[in-house]
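Enquirer: Please see the structure below; I have some questions.
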Amino acid sequence: MSNKIKLGVVGYGNLGKGAVKAIKATEDLELVAVFTRRDPEALKLDDPDAKAVHIDNAGNYQNDIDVMLLCGGSATDLPEQTPYFASMFNTVDSYDTHAKIPEFYQMVNEVATKHHTTAIISTGWDPGLFSLNRVMADAILPNGENYSFWGKGLSQGHSDAVRRVNGVKNGVQYTIPSEEAIEQVRSGANPELTKSGKHRRVCYVVAEKDADKAAIENEIKTMPNYFADYDTEVNFISEEELERDHSKAPHGGFVIRSGNTGEANKQIYEFSLTLDSNPEFTSSVLVAYARAAHRMSQENQFGAKTVYDVAPAYISPRSAEALRRDYL
């Protein structure tokens, strides 16, 4: 009998494919199955030992899976999938609609608490790693301001939201930070910045044949929580151009806090990421937090959790002794 933590993956888009690769890179985790809305027979998994199973049959695997990784989009998938799967499995997701996280947490917490499961929500790098650094910087430098910048990079959540618009066949969205704003923050000026003053958003859209492009552009630019508060540019291109010029998914960003200690000592706290593949990095974070979900469940720490509730030791494959010896 294997002592490995057994995982399932829901969804086999870019995030799901990244999760399969991340699991293969570990020694303590094992992929049992990928659950899909597509025909399982048509799915070519990057793991010959894993099964492809239709999502409707996921409930049959409650005794075989320790943690389910939910790799759908935040716009429509996760609000339905996380509470559904949390009623049967421990779960980890990357829900990233920041404004709606409190209500998402409450919804998932109610289900997970009732069914004695552990559901770690909103993991990844933002929300997730950036969230941790915002809290630490704020605690260390109470006399200061936090700033988060994203990009230049392709956003998974925003691209998914673009693709959900009626008449859109495919599309991506890039978040572009203001270099001027970043330099102001790094100088310690503590500027007051609006959302549009920190970033702009650029979309590349492949429209369905005979689709109303003006309607598509308007729906994207007025979409709440995604584009309405930003300077948003929508470009219509061909499928060939999308494949040629936008098939990779680089991203990254910064959390910067500028603050004072004592009377006049200026301190700058900065955490940054530079990513060749946004989905592969995000899925790697989900896989690490699957360890935490399993371990916390074994300790009867049920309900919805965020990265703030998870001690770093829970996500590491290393023992407490090894962590103290090698990393402390």
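Enquirer: Top mean-square fluctuation among Pro279, Pro79, Pro312, Gaussian network model of the chain, C-alpha springs under 10 Å?
Expert: Top of the fluctuation ranking is Pro312.
Enquirer: Please report, in debye to the nearest 20, how large the charge dipole of the range 152-243 is about its Cα centre when each Lys and Arg carries +1 at its beta carbon and each Asp and Glu carries -1 there.
Expert: 280 debye
Enquirer: Hey, what's the Cα Rg ratio for the range 1-105 versus the globular rule of thumb, 2.2 N^0.38 Å?
Expert: So the Cα radius of gyration is 1.04 times the expected 2.2 N^0.38 Å.
Enquirer: Across the Cα atoms of the chain, what radius of gyration and what greatest pairwise Cα-Cα distance (Dmax) are found, in Å?
Expert: 20.6, 66
Enquirer: Relative to the present Cα-Cα distance, how much length would full extension add between Asn63 and Glu243 at 0.36 nm per residue of separation?
Expert: Taking Asn63 through Glu243 to full extension adds about 60.7 nm, to one decimal.
Enquirer: So, one more: Return the calculated 222 nm mean residue ellipticity for the chain, to the nearest 500 deg cm²/dmol, obtained by summing -39500 (n - 2.57) across DSSP H runs with n ≥ 4 and dividing by the residue count.
Expert: -10500 deg cm²/dmol, from helical runs alone.
Enquirer: For the chain, what is the charge dipole size about the Cα centre, in debye to the nearest 20, if Lys and Arg each add +1 at the Cβ and Asp and Glu each add -1 at the Cβ? Before the final figure, lay out the partial values.
Expert: On the way: 34 positive and 46 negative charges, 107 e Å.
Roughly 520 debye for the chain.
Enquirer: Something else about it: Calculate, in nm to one decimal, what Leu323 and Asp210 gain on full extension: separation in residues at 0.36 nm each, minus their alpha carbon distance. Walk me through the numbers before you get to the answer.
Expert: Working: separation 113, 0.36 × 113 = 40.68 nm, distance 5.86 nm.
Gain on stretching Leu323 to Asp210: 34.8 nm.
Enquirer: Now for a different question. For the chain, which whole-number percentage of the solvent-accessible area (1.4 Å probe, protein heavy atoms only) is attributable to carbon and sulfur atoms? Write out the running numbers ahead of the final one.
Expert: Details: 7440 of 16400 Å².
On the chain, the fraction of accessible area on carbon and sulfur atoms equals 45 percent.
Enquirer: Between Arg295, Arg318, Arg163, where does the largest GNM mean-square fluctuation fall for the chain, given springs only between Cα atoms within less than 10 Å?
Expert: Arg318
Enquirer: Additional query: Using amide H atoms built in the peptide plane, which far-off residues or other-chain residues are under 5 Å from Asn190 H to H?
Expert: So Asn190 has HN proximity to no qualifying residue.
Enquirer: Quick one: length gained pulling Arg38 to His98 fully straight, 0.36 nm per residue minus the C-alpha distance?
Expert: 18.7 nm
Enquirer: Convert 20 °C to kelvin, take the viscosity as 1.002 mPa s, use the Kirkwood radius over C-alpha pairs of the range 129-277 as Rh, and evaluate the Stokes-Einstein diffusion coefficient in µm²/s, rounded to a whole number. Mind showing how you got there, number by number?
Expert: Working: Rh = 16.8 Å.
This corresponds to a translational diffusion coefficient of 128 µm²/s.
Enquirer: Please enumerate, by chain and number, the lysines with C-alpha under 20 Å from the C-alpha of Lys213, excluding those fewer than 8 residues away in the same chain.
Expert: Straight-distance partners of Lys213: Lys169, Lys221.
Enquirer: Where the centroid of each part is defined by its Cα atoms, how far is the range 167-223 from the range 23-53 in Å?
Expert: Here the answer is 34 Å between Cα centres.
Enquirer: Which of these, Asn60, Asn225, Asn190, has the largest mean-square fluctuation under a Gaussian network model of the chain (Cα springs below 10 Å)?
Expert: Top of the fluctuation ranking is Asn60.
The values are calculated or read from the model by the stated rules, or taken from the named source; none is laboratory data. In this text, all values refer to a predicted model and were calculated from it rather than measured experimentally. Backbone-built Cβ (ideal geometry, glycine too); neighbour counts: all protein chains shown. Note: accessible area is taken over every heavy atom of the protein model, side chains too, but ligands, DNA and RNA are not part of it. Shrake-Rupley method; radii C 1.70, N 1.55, O 1.52, S 1.80 Å.
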